[in-house]
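Worksheet for the structure shown next.
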């Protein structure tokens, strides 16, 4: 039993080491890609596949988040006579936490799964070896454009999710529950700061890179056969999901510290 | 792995080998795939590597281009040690190779033309696209597929895919072309077309070829030299006549495609097992 535990530990450390090296190679390849204009077409193609085609699913996710929040919280606020403040609650929750996290989770499922399946299939059919045999770095050709596309477009998709969450919450609150329109927006405007929106969008950069790096790594290291590719896709989604939640927690702590440090200076400005 | 970058002279006995393997050992987990292999691939000649499935032929050919790195031993290309180079340095060396993979390994998302110009786009600055189109046309004509420029790999048959992959492998006019089971899965006529292409490339472009196969008809047709691998070791090395008359029983068994006594014993055993009666399940 101790032997098994040791083997699992060593295996886990080996995997972390390989993943760390893959991330380092991907990061350097991504910087080089930024400096070579002929690679922009590859990034553009991936932006279309990863970003543009994800817009509908991310917008639907955002809308339902806002609508559900309105339905769940209206009762409690109305009982205290605070229903006009529903907008603050919904919009803060959407732009700061739920919009970014749920949009990223949807992307991990839609984009991450597709990336792992595509690269995994290329791996088992020797297409990645073919790229290497032609003197091209597969990380630079395959991984860097995908990481750049996710890095650039995840924040934009989060903005879409936020917007639809705000609209969804507004429709349920004002149209269904009959909250005063002007009061709803004025409370929302006074309660949600630019800082809240900024940290929500900034999380998108981290989530995007994490989803792309994990999905590409799983694709590059997947085992032979249909079962190997399927397993890699599942592992990629689970790892991305956990990574998004862990990153969200870490970023919440960091942004809170930054806010606490610099907020007093705001009064001086 | 030995990282002695200064040692750039191939060992004695490498002769005029364009690629030299010296004492190559490769292990995957507990399984020893290549066991102390030393080999010099002669310039301008076609070397065929034969052996039963799973004996390490593909692993051997991947070491020639350092797609796999040995656990021990050295690989030399044109008198320069390459197994200890970084991937970036290797990429420059690999432009002098062409590699035809067993399944073709064409990129599904790219058309035939885009597949063929892939290495050119990666390594050359294209100023005249008409010239590139002419080159694609010439390479496809060479493999008998002119007119298929705009097709995608999914629309091609297995033989056509292999021929397009061959056109891609020779797009940069490489000095060495490695073929991994080029005739596997093809009908005899298509197999012969591939054999003729291998010979044509050697005649017209003077390329050095290494062909991995277990198709003896193909091996006899294209080989200047045949090497047989068995359990990770070279057990026979010579021209086609030498291999035909080789005294080693495993070589004779392989080239004549005969089962051995052990296999027959297993078949007899499985015959007894297959006589066991299984009662059908009652479905209501």
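The values are calculated or read from the model by the stated rules, or taken from the named source; none is laboratory data. The model shown is predicted, which means the values in this text are computed figures rather than measured ones. All Cβ positions, glycine included, derive from the backbone under ideal geometry; neighbour counts span all protein chains shown.
Things worth noting here:
- Screening the stretch B:67-94 for residues that are at the interface with chain A (Cβ under 9 Å from one of its Cβ atoms) and closer than 21 Å to residue B:24 by Cβ and picking the one that is nearest to the chain's Cα centre (by Cα) gives B:67.
- Some residue of the stretch B:77-85 being under 22 Å from residue B:162 (Cα atoms) and in contact with a helix residue (DSSP H, G or I) (Cβ under 7 Å, 6 or more places away or on another chain): no
- Filter result for residue B:102 (more than 14 Å from chain A (Cβ to nearest Cβ) and in a loop (DSSP other than H, G, I, E, B)): no
- Contact annotation: residue pairs with Cβ atoms under 9 Å, 6 or more positions apart or on different chains, pairing a residue in the stretch B:250-263 that is assigned to a loop (DSSP other than H, G, I, E, B) with a partner that is at pLDDT 80 or above, are B:257/B:216; B:258/B:252; B:259/B:253; B:260/B:249; B:260/B:250; B:260/B:253.
- Evaluating residue B:63 against the criteria (1) farther than 13 Å from residue B:171 by Cβ; (2) within 11 Å of chain A (Cβ to nearest Cβ); (3) surrounded by 15 or more Cβ atoms within 10 Å (Cβ to Cβ) leaves one unmet condition, (2).
- Given (1) within 10 Å of chain A (Cβ to nearest Cβ); (2) in contact (Cβ under 8 Å) with a residue 40 or more places away in the chain; (3) farther than 15 Å from residue B:20 by Cα, index of the condition residue B:97 fails: (3)
- Once the stretch B:224-243 is narrowed to residues that are more than 28 Å from residue B:31 (Cβ to Cβ) and touching a helix residue (DSSP H, G or I) at 6+ places or on another chain (Cβ under 9 Å), the residue that is surrounded by the fewest Cβ atoms within 10 Å (Cβ to Cβ) is B:224.
- Positions within the stretch A:97-120 being touching a helix residue (DSSP H, G or I) at 6+ places or on another chain (Cβ under 6 Å) and within 14 Å of another protein chain (Cβ to nearest Cβ), in sequence order: A:115, A:117, A:119, A:120
- Exactly one residue among A:77, A:69 is free of Cβ contacts under 8 Å to residues at least 40 places away in the same chain, away from every other protein chain (no Cβ under 14 Å) and more than 28 Å from residue A:215 (Cβ to Cβ), and that residue is A:77.
- The set of residues from the stretch B:68-77 being buried (at least 22 other Cβ atoms within 10 Å of the Cβ) and under 23 Å from residue B:213 (Cβ atoms) comprises B:70, B:75, B:77.
- Checked against (1) closer than 21 Å to residue B:184 by Cα; (2) touching a residue at least 24 places away in the same chain (Cβ under 8 Å); (3) away from every other protein chain (no Cβ under 11 Å), residue B:152 passes all but a single condition, namely (1).
- Subset tally (residues that are under 29 Å from residue B:19 (Cβ atoms) and either buried (at least 18 other Cβ atoms within 10 Å of the Cβ) or within 11 Å of chain A (Cβ to nearest Cβ) (or both)) for the stretch B:111-124: 9
- Wholly within the stretch A:124-223, helices (runs of 4 or more DSSP H) carrying at least 1 residues that are within 14 Å of another protein chain (Cβ to nearest Cβ) and either out of contact with any helix residue (DSSP H, G or I) (no Cβ under 7 Å at 6 or more places or on another chain) or touching a residue at least 12 places away in the same chain (Cβ under 8 Å) (or both): A:127-133, A:144-170, A:194-220
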